[in-house]
There are 2 protein chains.
Amino acid sequence: MIARLLAAVALAALPAAALADTLVDNINGLSVDRDGKVTHFSAMVIDDRGRISQVIGNGERPPQNIDYRENGRGRTVIPGMIDAHVHVMALGLAQLTVDLSDTRSLAEAQAKIAAYAAANPERPWIVGRGWNQEQWGLGRFPTAAELDAAVSDRPVWLERVDGHAGWANSVAISVSGVTAATADPAGGRVERLPGGKQPAGVFVDAAMDLVGKNVPPPRATDRDVALHKAQELLVRNGVTAVADMGTSIEDWMTFRRAGDEGRLRVRIMAYASSVPDMVLIGGSGPTQWLYEDRLRLNGLKLYLDGALGSRGAMLKAPYADDPANKGLPVINGTQLRNNMSRAAMDDYQVAIHAIGDAANAEALDAIEELSADYTGDRRWRIEHAQIVDPADIPRFGQHGVIASMQPVHQTSDRLMAEARLGPDRLAGAYAWRSLHDAGAPLAFGSDAPVEAPEPFVGIAAAITREDAQGQPPGGWHPEQRLTREEALAAYTSGAAYAGFAEGRFGRLAAGERADFLVLDTDPLTADPSDLRNVRVLETWIGGEKVYDASPEERRSVEGPGR
Amino acid sequence: MIARLLAAVALAALPAAALADTLVDNINGLSVDRDGKVTHFSAMVIDDRGRISQVIGNGERPPQNIDYRENGRGRTVIPGMIDAHVHVMALGLAQLTVDLSDTRSLAEAQAKIAAYAAANPERPWIVGRGWNQEQWGLGRFPTAAELDAAVSDRPVWLERVDGHAGWANSVAISVSGVTAATADPAGGRVERLPGGKQPAGVFVDAAMDLVGKNVPPPRATDRDVALHKAQELLVRNGVTAVADMGTSIEDWMTFRRAGDEGRLRVRIMAYASSVPDMVLIGGSGPTQWLYEDRLRLNGLKLYLDGALGSRGAMLKAPYADDPANKGLPVINGTQLRNNMSRAAMDDYQVAIHAIGDAANAEALDAIEELSADYTGDRRWRIEHAQIVDPADIPRFGQHGVIASMQPVHQTSDRLMAEARLGPDRLAGAYAWRSLHDAGAPLAFGSDAPVEAPEPFVGIAAAITREDAQGQPPGGWHPEQRLTREEALAAYTSGAAYAGFAEGRFGRLAAGERADFLVLDTDPLTADPSDLRNVRVLETWIGGEKVYDASPEERRSVEGPGR
């Protein structure tokens, strides 16, 4: 079933391959170097290996000996977006669950769950999230019987929108062995039916594990389908390459199966989730670039602290809204240095998750110390670099430390950041302008599935510091705004550099892979609100069209000419 | 260091690539089909992809439009040997240890150990085996001090020839925390220095673990080097493809690194060591053929019983030399069927280790039962099929069950087999003739490193049933002898069929990979003792020369003409 699904999907998405030299002309072409310098051009030639062989400037004469011509109809063509911080498999696996966050009534939710189950007969459990009985106007928790009405042949487990409760059907309760005799665990509550001890269907907080622990881990086929779904979502949003932050061996094998079978389209720069996985995958160093630059294990991802929302980010001073708390390290300084050394000794790149200012300082300390032993072009990365003490910002530039940031976090988090830090410690918060000016190479991303993998929303945030509603007008700490060119570079050539991929992809230039987008809007001139809603008409990777949104193209695919 | 070693080695072994159409002529060429039918030819053409494009019969005219000519000088050319049962990484890792089995004195052993340590400065432990104080004329166990004299900068751990004792140097004893206060464990003995409790250096039986458990597992770089050593050994013996029986995820990643980096030469048909490893590697089915038919995960290896020597093989009647014992299953019948089903449901091939007649009967029972559900071309394999009840032999043919046998086990084991089974239960022992005549497809191998990966020794055993000393004259149960053609087929086309590789390699025929050997002897006409000592002059895989033993070729490599 799954195999057939994948086969059908692969057929449907069969790219229009550039089998020979292809001229793409009549375009408003642009490409941005890491320093923000823009190249404009009107045409480009793609060779039969999917590389750009020539970029033709405005007014220059295109070559005549080409095999195929793709008329750009005057549209804007830019490099494919590189999302420098994605959790690829988590993004894909999330697509395999039911999303109830948009349901407005219990009946609507039941219908959606039943439809999902019918469309996925091979899934042993139905899993999902996002329900909210307040949004439904229900005034009480839903019951197992109400879920049975939607699906009764398999276990169902659905987390509430806030992640603090789960809703199970009768099969799930039964296979979990939960009965009237099951006691509430410490820190949790099993909702009970009126007038008895029978579980009602909803499990709160620590009681969630009673059922949740029985949800089977994803099967290999689930992973294959999830990777396909993740790629679909990415190319639809114009993302042609990603850095995968925390690649397990299961993830890697999924990537390789896709590569071996010709199903890998999006380029993945992988950072292993642990030293053992890093060594298991790469052996004595980073892997080759595989599948025509579509996959490489670059290095290691390390978590140094937690997140701001849960007050796990390590701060130099206590949280403004929790004066006894400065956050907690995930690993201590010795573990950090040991792991960094183990990676660096075999020339693996190191990417350190650091959110709080203390974590960023600690990461910079470790990088400074290790730089003495591990010389050369290391490109140490700090992931997020959300809250940085202004005193530490110059240290990024001194060691060429890459600031791998997610602009949309700033718009999502700003009110929380103000609460956590107070008004006086925000000078180094989401401070991409300061980091850039200090000489830190910038690489931008989304942290998907934490945020949607929408690079143009990220670019809009980076240049306006306003959210989708235009809040706050004029931008939050507007002195940190970037120019459009700088933001585009951080999503293209900058993100490529952050993964040692410069020269392979990230720019539209001779010798690089032909990864590009056809847009309905020029991101260098559009109004920021238009930029946020830019329409990706086509996505090309390696000279192959992997996504096509334009109706006239759809017609031509269906027509007799193809 | 290791990386440099590998790089140097790769350079030294750089194959003479057939970059264009190559004519290999003036040869005594032969290839054998699975039915034993021989094709003779005098020349063949290899295309620029390393495949045979044409085989030219005696008296036929070779094509004229070729780019390169390789003069065979009248020598015999046969297909590369396929060893259908190898433990590739164990074979390679064994090459990384010191072999003391040929040392005749303590001083000679010390010199060999010291030389090995000096040649391997990067190895954290020096590990080896094969010492025998009786063979040295020592009359006592050696001491830690005597081992310190050879190596004192690193721990050393050397197992005795019988595996029942280990010899440690002082560093190894120290890092293991063994002191005068360490008690002898149950079933083991720590040798002590005279007049005290200080450990003397040798640890017997259960006490071996006190030191042995501290030997670090192989590093990724060790695995890379080990695979290289295994390939060197295989191609020197004329083996161009193997079935790897029990591939772990670590093994697989080592194979893939070699493939990705162009270091994989020998073709590997892999059978996973467990269901989790199988699914992790293959996902929802066998992998693609990777690296131009050099690697594929075919399926799953299962162990049903133990071995005859340790009386672990499952017999229908008790052991003749242990009347209370019928052997023990490694997994029970339900586990066997569950694992087989799990593999077969996703079209993985199943290879079952079965030595004793009861194990073979049980494997056949399971195959019969599962064949009803899992139809089609399954090619169930029984590995070893050493002792089969004659009543069960026809069942191999009925279900097309592949008998994957190791002819040299017969000559090594015959006296033990007679002791274990008595004279009346040998009619189905190592019974390749009976199995072949019953319609079982035969695939021959070595079980390396249990036996040396020497296919011509195996062929000699298969056709004579005599050992290297000609014992017993006329052959042990000579009615089971094969013809030369049948034995060659089991090591070439038969072993390819056993791994779903027919049409890819195993014969010298148009469309197959150009995997061939140049021999100094015609195996179809040579005297059996000459056959046993046949010299592999050259080994070619995929149209590339990967081994060259001939002095004139060596001269030409060194000369100015190349």
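The values are calculated or read from the model by the stated rules, or taken from the named source; none is laboratory data. For clarity, every value in this text was computed on a predicted model and none was experimentally measured. Every residue, glycine as well, gets a Cβ built from its backbone with ideal geometry; the counts of neighbours run over all protein chains shown.
Out of A:Glu502, A:Glu486, I need the residue that is touching a helix residue (DSSP H, G or I) at 6+ places or on another chain (Cβ under 9 Å) and part of a loop (DSSP other than H, G, I, E, B). Which one? First the steps, then the outcome.
Numbers: A:Glu486 fails: part of a loop (DSSP other than H, G, I, E, B).
Within the list A:Glu502, A:Glu486, the selection yields A:Glu502.
Got at least one residue in the range B:108-122 being closer than 23 Å to B:Pro194 by Cα and of a type in the set (Val, Ile, Thr)? Write out each step before concluding.
Of all residues in the range B:108-122, those closer than 23 Å to B:Pro194 by Cα come to B:110.
Checking the rest, the ones that are also of a type in the set (Val, Ile, Thr) come to none.
No, the range B:108-122 contains no residue that is closer than 23 Å to B:Pro194 by Cα and of a type in the set (Val, Ile, Thr).
Look at B:Gly439 and say whether it is under 26 Å from B:Leu300 (Cα atoms), touching a Gly at 6+ places or on another chain (Cβ under 6 Å) and free of Cβ contacts under 8 Å to residues at least 60 places away in the same chain. Walk me through it before giving the result.
Working: under 26 Å from B:Leu300 (Cα atoms): yes; touching a Gly at 6+ places or on another chain (Cβ under 6 Å): yes; free of Cβ contacts under 8 Å to residues at least 60 places away in the same chain: yes.
In short, yes.
Quick one: in the range A:329-346, of everything that is within 25 Å of the chain's Cα centre (by Cα) and outside any helix (DSSP H, G or I), which residue is nearest to A:Gly376 (Cα to Cα)? Working first, answer last.
Initially, the range A:329-346 is screened for residues within 25 Å of the chain's Cα centre (by Cα), giving A:329-331, A:336, A:339-340, A:343.
Filter once more, so that each one left must be outside any helix (DSSP H, G or I): A:329-331.
Details: A:Pro329: 29, A:Val330: 28, A:Ile331: 26 Å.
Ranking the candidates gives A:Ile331 first.
Can you tell me which residues in the range A:465-483 are charged (D, E, K, R) and part of a loop (DSSP other than H, G, I, E, B)? Working first, answer last.
In the first step, residues of the range A:465-483 are kept if they are charged (D, E, K, R); the result is A:465-467, A:479, A:481.
Matches in the range A:465-483: A:Arg465, A:Glu466, A:Asp467, A:Arg481.
Take the residues in the range A:229-249 that are outside any helix (DSSP H, G or I) and over 30 Å from A:Asp522 (Cβ atoms); name whichever of them is nearest to the other protein chains (Cβ to nearest Cβ). So that I can check it myself, show each step before the final result.
Taking the range A:229-249 and keeping what is outside any helix (DSSP H, G or I), we get A:237-248.
Now narrow it down to the ones that are over 30 Å from A:Asp522 (Cβ atoms): A:244-248.
Numbers: A:Asp244: 17, A:Met245: 21, A:Gly246: 17, A:Thr247: 13, A:Ser248: 10 Å.
Step by step, filter the range A:229-249, then rank; the result is A:Ser248.
Can A:Val401 be described as closer than 29 Å to A:Asp347 by Cα and crowded, with 24+ Cβ neighbours inside 10 Å? It would help to see each step written out before you state the result.
On the way: closer than 29 Å to A:Asp347 by Cα: yes; crowded, with 24+ Cβ neighbours inside 10 Å: yes.
For A:Val401, the condition - closer than 29 Å to A:Asp347 by Cα and crowded, with 24+ Cβ neighbours inside 10 Å - is met.
Look at B:Ile382 and say whether it is touching a residue at least 60 places away in the same chain (Cβ under 8 Å), under 19 Å from B:Tyr497 (Cβ atoms) and not basic (Lys, Arg).
Working: touching a residue at least 60 places away in the same chain (Cβ under 8 Å): no; under 19 Å from B:Tyr497 (Cβ atoms): yes; not basic (Lys, Arg): yes.
The answer is no for B:Ile382.
Looking at B:Gly327, B:Gly333, B:Gly282, B:Gly299, which is the one that is farther than 30 Å from B:Leu415 by Cβ, surrounded by 23 or more Cβ atoms within 10 Å (Cβ to Cβ) and away from chain A (no Cβ under 14 Å)? Walk me through it before giving the result.
On the way: B:Gly327 fails: farther than 30 Å from B:Leu415 by Cβ; B:Gly333 fails: surrounded by 23 or more Cβ atoms within 10 Å (Cβ to Cβ); B:Gly282 fails: away from chain A (no Cβ under 14 Å).
Unique residue meeting the criteria: B:Gly299.
Output the number of residues of the range A:285-294 satisfying the condition of being touching a residue at least 24 places away in the same chain (Cβ under 8 Å), over 21 Å from A:Ile541 (Cα atoms) and facing chain B (nearest Cβ under 10 Å). Spell out the reasoning first.
Narrowing the range A:285-294 to residues touching a residue at least 24 places away in the same chain (Cβ under 8 Å): A:285-286, A:289-294.
Next, from what is left, pick out any that are over 21 Å from A:Ile541 (Cα atoms): A:285-286.
From what is left, the residues that are facing chain B (nearest Cβ under 10 Å) are A:285.
Selection size over the range A:285-294: 1.
Report the residue count in the range B:136-180 for those that are basic (Lys, Arg) and out of contact with any Phe, Trp or Tyr (no Cβ under 8 Å at 6 or more places or on another chain).
Within the range B:136-180, the subset basic (Lys, Arg) is B:140, B:154, B:160.
Checking the rest, the ones that are also out of contact with any Phe, Trp or Tyr (no Cβ under 8 Å at 6 or more places or on another chain) come to B:140.
Selection size over the range B:136-180: 1.
Would you pick out the residues in the range A:28-40 that are surrounded by fewer than 23 Cβ atoms within 10 Å (Cβ to Cβ) and either touching an Asp or Glu at 6+ places or on another chain (Cβ under 6 Å) or assigned to a strand (DSSP E or B) (or both)?
Within the range A:28-40, A:Asn28, A:Leu30, A:Gly36, A:Val38, A:Thr39, A:His40 meet the criteria.
Residues checked against (1) out of contact with any Phe, Trp or Tyr (no Cβ under 6 Å at 6 or more places or on another chain); (2) closer than 19 Å to B:Thr287 by Cβ:
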{"position": "A:Val225", "(1), (2)": "yes, yes"}
{"position": "A:Gln231", "(1), (2)": "yes, no"}
{"position": "A:Thr240", "(1), (2)": "yes, no"}
{"position": "A:Phe255", "(1), (2)": "yes, yes"}
{"position": "A:Leu264", "(1), (2)": "no, yes"}
{"position": "A:Tyr271", "(1), (2)": "yes, no"}
{"position": "A:Asp277", "(1), (2)": "yes, no"}
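Looking for whichever is more than 14 Å from chain B (Cβ to nearest Cβ) and of a type outside the set (Asp, Glu) here; the options are A:Ala220, A:Ala226, A:Ala183. Which one fits?
Working: A:Ala220 fails: more than 14 Å from chain B (Cβ to nearest Cβ); A:Ala226 fails: more than 14 Å from chain B (Cβ to nearest Cβ).
After applying the criteria, what remains is A:Ala183.
For the subset of the range A:415-436 comprising residues that are touching a residue at least 60 places away in the same chain (Cβ under 8 Å) and surrounded by fewer than 19 Cβ atoms within 10 Å (Cβ to Cβ), which member is farthest from the chain's Cα centre (by Cα)? Walk me through it before giving the result.
Our first condition is that a residue be touching a residue at least 60 places away in the same chain (Cβ under 8 Å); within the range A:415-436, this holds for A:416-417, A:419-422, A:425, A:428.
Adding the requirement that they be surrounded by fewer than 19 Cβ atoms within 10 Å (Cβ to Cβ) leaves A:416, A:419, A:422.
On the way: A:Met416: 22, A:Ala419: 26, A:Gly422: 29 Å.
Ranking the qualifying residues of the range A:415-436, first place goes to A:Gly422.
Looking at this structure, is A:Val242 of a type in the set (A, V, I, L, M) and closer than 22 Å to A:Phe516 by Cα? Outline the logic, then answer.
On the way: of a type in the set (A, V, I, L, M): yes; closer than 22 Å to A:Phe516 by Cα: yes.
Here the answer is yes, as A:Val242 does meet what is asked.
Criterion first (within 11 Å of chain A (Cβ to nearest Cβ) and either assigned to a loop (DSSP other than H, G, I, E, B) or farther than 30 Å from B:Arg535 by Cα (or both)) does B:Arg311 satisfy it? Working first, answer last.
Working: within 11 Å of chain A (Cβ to nearest Cβ): no; either assigned to a loop (DSSP other than H, G, I, E, B) or farther than 30 Å from B:Arg535 by Cα (or both): yes.
Taking the combined requirement at face value, the residue does not satisfy it.
Please go through (1) at negative phi; (2) in a strand (DSSP E or B); (3) of a type outside the set (A, V, I, L, M, F, W, C) for A:Gly92 and return the number of the only condition it doesn't satisfy.
(2)
Can you tell me which residue is nearest to the other protein chains (Cβ to nearest Cβ) among those in the range A:250-271 that are in a helix (DSSP H, G or I) and aromatic (Phe, Trp, Tyr)?
Filtering the range A:250-271 down to residues in a helix (DSSP H, G or I) leaves A:250-260.
This time we only want the ones that are aromatic (Phe, Trp, Tyr), so: A:252, A:255.
On the way: A:Trp252: 9, A:Phe255: 11 Å.
Going through the qualifying residues, I end up with A:Trp252.
Would you check which residues across the range A:487-515 are surrounded by fewer than 24 Cβ atoms within 10 Å (Cβ to Cβ) and either acidic (Asp, Glu) or farther than 23 Å from A:His399 by Cβ (or both) and list them?
Let us first name the residues in the range A:487-515 that are surrounded by fewer than 24 Cβ atoms within 10 Å (Cβ to Cβ), namely A:497, A:500-504, A:509-512.
A:Glu502, A:Arg504, A:Ala509, A:Ala510, A:Gly511, A:Glu512, listed by residue number.
Given (1) under 20 Å from B:Leu30 (Cβ atoms); (2) assigned to a loop (DSSP other than H, G, I, E, B), identify the lone condition not met by B:Asp530.
(2)
Please go through the range A:352-388 and pick out each residue that is buried (at least 21 other Cβ atoms within 10 Å of the Cβ) and at positive phi.
A:His384, A:Ala385
Any residue at all in the range A:530-548 that's of a type in the set (Ser, Thr, Tyr) and at pLDDT below 95? I'd like the intermediate steps shown before the answer.
Start the filter on the range A:530-548 by keeping residues that are of a type in the set (Ser, Thr, Tyr), which leaves A:539, A:547.
Checking the rest, the ones that are also at pLDDT below 95 come to none.
For the range A:530-548, residues of a type in the set (Ser, Thr, Tyr) and at pLDDT below 95: absent.
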